[in-house]
Each structure stands twice: as structure tokens, then as C-alpha cells.
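Structure, as C-alpha cells:
The values are calculated or read from the model by the stated rules, or taken from the named source; none is laboratory data. It should be emphasised that the depicted structure is a prediction, and the values quoted were computed from it without experimental measurement. Every residue, glycine as well, gets a Cβ built from its backbone with ideal geometry; the counts of neighbours run over all protein chains shown.
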Amino acid sequence: MKIAFLTPEYPHPKTGNSGGIGSSIKNLATGLLAEGCSVRVLVYGQKEEGVFDDHAITIQQIQNVKFKGLSWWLTRKKLERIINQLYATAAIDLVEAPDWTGITSFIQPKKCPIVIRLNGSDTYFCHLDHRSVKWNNKFHEKRALQKADALLSVSQFTADLTNEVFGLKKEFTIIPNSIDVDLFNNNGNNNGNSNGDKNGNDNGNNNGNGNGDKNGNDNKTILYFGSLIRKKGLLELPFIFNEVIKSSPETQLVLVGKDVPDVVSGNDSTWAMMQALFTTEALRNVRYLGSVPYAGIKEQIHLSTVCVFPSFAEALPVSWIEAMALQKPIVASNIGWAKEVIEEGLEGFLIHPNAHKQYAEKILELLKSPKLQESFGLAARKKIIHKFSTETVARQSLLFYKKCIASR
């Protein structure tokens, strides 16, 4: 089978910055290749046109059409022509697109089926983040869902809430995001930390990473990795860490990820906002590394004791399953999607991000108990292999694609 993914992002130096959608596509594409499929990724919004190979995945870069007032329409029609041409030449059998901003709202190929996979639309995230959504985004996202030949969602929570916010009654097949469990494993031992502090000494932190042996009791390092943004609970994390420091003043907090402007306050740096919320004592033990290469993320997970994700808005976060695959205990948000990833008290702790003291208490419980860390980590790894491996998810997706084509 020949599968195409239509996306605004893909994790490769030639295609620019990429987030969770791009990573999930690459993971799934790798799994589909192993199942004997061919995969083409159509990346729109590019600075130039081009086609290149990424480990047997064909990447096609597509420039948007720029024409004042009509760019959105002309770009969609351009993408439609490309899809029709690829389908007519038997280069693809089906196109999958994300729900984000509804790119397929006015793409109506002659024969090629269009599948939409929910990873969280702008409307969905604005609802969870208690913000108003741009009317044009909501319009295109709803129309895209209505016009799609078939619908997937990475979590049941995301499917149910999507139907609610758009006033729809669509049926979604639930297939989660995935990761390469062979890549994210505990083979080998990462010694030391090659990353310096992004901001030097201006946040008043101390030198060194404070990490002991990977499995030793002296390692008390909390890791957050992902975008520094309000919706992921980064403005709650300082208050949580302030509570941790009261009981465990030697604990370190490491932050990894892109600093994002805050849409609510208009501040151009969430990291700057966070620094003002830490106590003086807590800030000394905080290190912000900025964005690091993908391989660097794995290293930081290895070096950590506990991973934290106090998010208010997710669909099914790849970062969570990456940490779980590396057998790291997690303290995460208890909202909606979370229970589809982590079983409370078995693979991690789930606490509401606003419950700062209770959240800190769960972190401290893990920091004090290597036995509990190991128990959570082993259970988490077992779940990832069973439910979230690229092999499992690729096979589920391939079966879905075949049914979609057969029913058309």
C-alpha cells in the first residue's frame, strides 16, 4: 500500500521546525515501511519546492501560493492537484492529514480517499485552554471533518471532545500515537551532560547537573521536556517546584524545549514569566537548556529521576510515551486523555496541575523511593511495548486504511 501524509511539519533539517504532529507522522511512517508500505510525506508551507529521501520515506516539499486574500484557497487547490496527480500515476493510494487548522477543508480529490487523524485541532486546544478560537480555523477544521472519507483519533477523549466542540456526531476509530521502542530503550548508560545552560548564569543557577549515577539514590533530578507554553502547565510548574524545594532543597529541575510566546498576556517569553514565579531558592536549582537535538532528549530522560508533565491541553502526547519507554516514573496531569496513557498508581501519578502541593508530594514520594521508581518504570515500559510501539500502531493503521479503501 502507498500512503501519503499531508502535514505542515516534519522533523528534518530541510523542512524546518517540527512538533508533535511531525514526530508522530515520522514514527508511524517508519512502522508502515516495516509493514511493506511505501510512504510519501507532503509538507506544505515550505520555502522551496523539492523532493528528497529520508531513510526510504519520500519527502515532498510544497510552497504555499501567495495571493492576497486568496492564499488559503489557492494553496488548497494546489495541494488537491498534487494529490490527484500522485493518485493518477499510482504513486499513492490514500492521504492522511491532521485536524489542525483544517487544511483539507476544500481539498476534494477525484478518487483518492482522505483520512483525518485527530491530534488536537486549534478549536480543541482553545477549548481546553479557555481561549477564543479564530473563526476561520474553526470553520475549516469543522468542514474538513465533515468532508473526510474516514476519521481517526489518537485518544477517545480527543474524539469525544472534538464532537462536542464542533457539534458533530462523527464516529472515530481510536489508534494512538507511537514510538520506536527499540530506539527508546535503556541499553547503554549516558554519563555526563554535554548541554550547557542556555542562559549562562543569568538565572542564578549553580554549575553542574546534580545528577548522580543513573540508578543511584543521589540523583534527584526532575525533567520537563516539551514546549515552554501555558497550555502545557509551565506557569504552574514553578509553584510545584517551589513546594518540592521546601522538603528537598538539593533537587534539580531541568527544562528542555522551545520557549513560546504567551498568547494570553502577550509576553514574548514563557520562560521569562516562569522565572518570576520561582522562589529565590528554587530558581538556583533550575536549568533551562532550550531546544536540544532529538538524541539529546533521550539523554536528558536517562539522566533524570522523575519526568513531569502538568499539562492542561493534550491529545495523546508523544513526550509521555517516550519517557515511559525509557522506564522513567512520571507525575502528569489527570485531565481527560491522561488515563488513556497512564494507569494511576501503577505506571505513574496523575494530579491536576493546579494542585501544586499535592503534585509536589507525589514528586517527592518518587524521589524518596528508588523501589517505586523502578516499579513504575517497568510497568510503563511494558505498556508502551504492548500498546504504543510503532509496530503495533502501524498494523492497526494499515488495517484501517485497507478498510477505508475497500469501502470507498
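Can you find a residue that is free of Cβ contacts under 8 Å to residues at least 60 places away in the same chain, buried (at least 19 other Cβ atoms within 10 Å of the Cβ) and either within 24 Å of Leu128 (Cβ to Cβ) or in the same structural domain as Ile335 (by TED's automatic domain parsing) (or both) anywhere in segment 214-224? No, that holds for no residue. Would you confirm whether any residue within segment 216-237 is under 26 Å from Val308 (Cβ atoms), assigned to a helix (DSSP H, G or I), in contact with a strand residue (DSSP E or B) (Cβ under 6 Å, 6 or more places away or on another chain) and modelled with pLDDT of 95 or more? So far as segment 216-237 goes, no, none of its residues is under 26 Å from Val308 (Cβ atoms), assigned to a helix (DSSP H, G or I), in contact with a strand residue (DSSP E or B) (Cβ under 6 Å, 6 or more places away or on another chain) and modelled with pLDDT of 95 or more.
Is it true that Asp53 is of a type in the set (Asp, Glu), out of contact with any Pro (no Cβ under 9 Å at 6 or more places or on another chain), farther than 30 Å from Trp337 by Cα and at pLDDT 95 or above? So Asp53 passes the test. The single condition from (1) buried (at least 22 other Cβ atoms within 10 Å of the Cβ); (2) hydrophobic (A, V, I, L, M, F, W, C); (3) without any contact (Cβ under 8 Å) to a residue 40 or more places away in the chain that Val260 fails is (1). I'm trying to understand the selection: among the residues of segment 77-96, which are surrounded by 15 or more Cβ atoms within 10 Å (Cβ to Cβ), of a type in the set (A, V, I, L, M) and assigned to a helix (DSSP H, G or I)? Hits for segment 77-96 are Leu79, Ile82, Ile83, Leu86. I'm trying to understand the selection: among the residues of segment 361-388, which are touching an Asp or Glu at 6+ places or on another chain (Cβ under 8 Å) and either surrounded by fewer than 14 Cβ atoms within 10 Å (Cβ to Cβ) or of a type in the set (Gly, Ala, Ser) (or both)? Ala379, Ala380 - these are the residues of segment 361-388 that are touching an Asp or Glu at 6+ places or on another chain (Cβ under 8 Å) and either surrounded by fewer than 14 Cβ atoms within 10 Å (Cβ to Cβ) or of a type in the set (Gly, Ala, Ser) (or both). For segment 268-288, the count of residues that are modelled with pLDDT under 95 and over 27 Å from Ser369 (Cα atoms) is zero. Kindly establish whether Lys328 is surrounded by 18 or more Cβ atoms within 10 Å (Cβ to Cβ) and assigned to a loop (DSSP other than H, G, I, E, B). Yes.
Each residue in segment 52-64 was checked for being surrounded by fewer than 16 Cβ atoms within 10 Å (Cβ to Cβ) and over 26 Å from Ala34 (Cα atoms), and 1 of them qualify. One residue stands out among those in segment 238-261 that are under 17 Å from Gly19 (Cα atoms) and assigned to a loop (DSSP other than H, G, I, E, B): the one that is farthest from the chain's Cα centre (by Cα), which is Pro261. Of the residues making up segment 144-158, those that are under 17 Å from the mean Cα position of the chain (by Cα) and part of a helix (DSSP H, G or I) are Gln156, Phe157, Thr158.
Without any contact (Cβ under 8 Å) to a residue 12 or more places away in the chain and not aliphatic (A, V, I, L, M) - does that describe any residue in segment 112-120? So far as segment 112-120 goes, no, none of its residues is without any contact (Cβ under 8 Å) to a residue 12 or more places away in the chain and not aliphatic (A, V, I, L, M).
Just give me the residues in segment 2-21 being under 14 Å from the mean Cα position of the chain (by Cα), under 14 Å from Gly120 (Cβ atoms) and either small (Gly, Ala, Ser) or in a loop (DSSP other than H, G, I, E, B) (or both), in sequence order. Show your work before the answer.
As a first pass, look at segment 2-21 and keep what is under 14 Å from the mean Cα position of the chain (by Cα): 9-11, 17-21.
Okay, now just the ones that are also under 14 Å from Gly120 (Cβ atoms), so 9, 19-21.
Selection gives Glu9, Gly19, Gly20.
Cβ-Cβ distances below 6 Å connect the following pairs, each with a first residue in segment 386-405 that is in contact (Cβ under 8 Å) with a residue 40 or more places away in the chain, a second residue that is among the acidic types (Asp, Glu), and a separation of six or more residues or different chains: Thr390/Asp180; Ala394/Glu35; Leu398/Glu35. The residue of segment 331-344 that is farthest from Leu366 (Cα to Cα), among those that are buried (at least 22 other Cβ atoms within 10 Å of the Cβ) and touching a Phe, Trp or Tyr at 6+ places or on another chain (Cβ under 8 Å), is Trp337. Output the residue which, of all residues in segment 289-320 that are of a type in the set (Gly, Ala, Ser) and in contact (Cβ under 8 Å) with a residue 40 or more places away in the chain, is farthest from Leu372 (Cα to Cα). Looking at residues that are of a type in the set (Gly, Ala, Ser) and in contact (Cβ under 8 Å) with a residue 40 or more places away in the chain, I get Gly290.
Number of residues in segment 389-408 that are surrounded by 13 or more Cβ atoms within 10 Å (Cβ to Cβ), of a type in the set (Gly, Ala, Ser) and farther than 27 Å from Phe349 by Cα equals 2. When the residues of segment 286-320 are filtered to those that are in a loop (DSSP other than H, G, I, E, B) and in contact with a Phe, Trp or Tyr (Cβ under 8 Å, 6 or more places away or on another chain), the one that is surrounded by the fewest Cβ atoms within 10 Å (Cβ to Cβ) is Ala313.
Filter segment 97-143 down to the residues that are in a helix (DSSP H, G or I) and hydrophobic (A, V, I, L, M, F, W, C), then identify the one that is surrounded by the most Cβ atoms within 10 Å (Cβ to Cβ). Going through the qualifying residues, I end up with Trp100.
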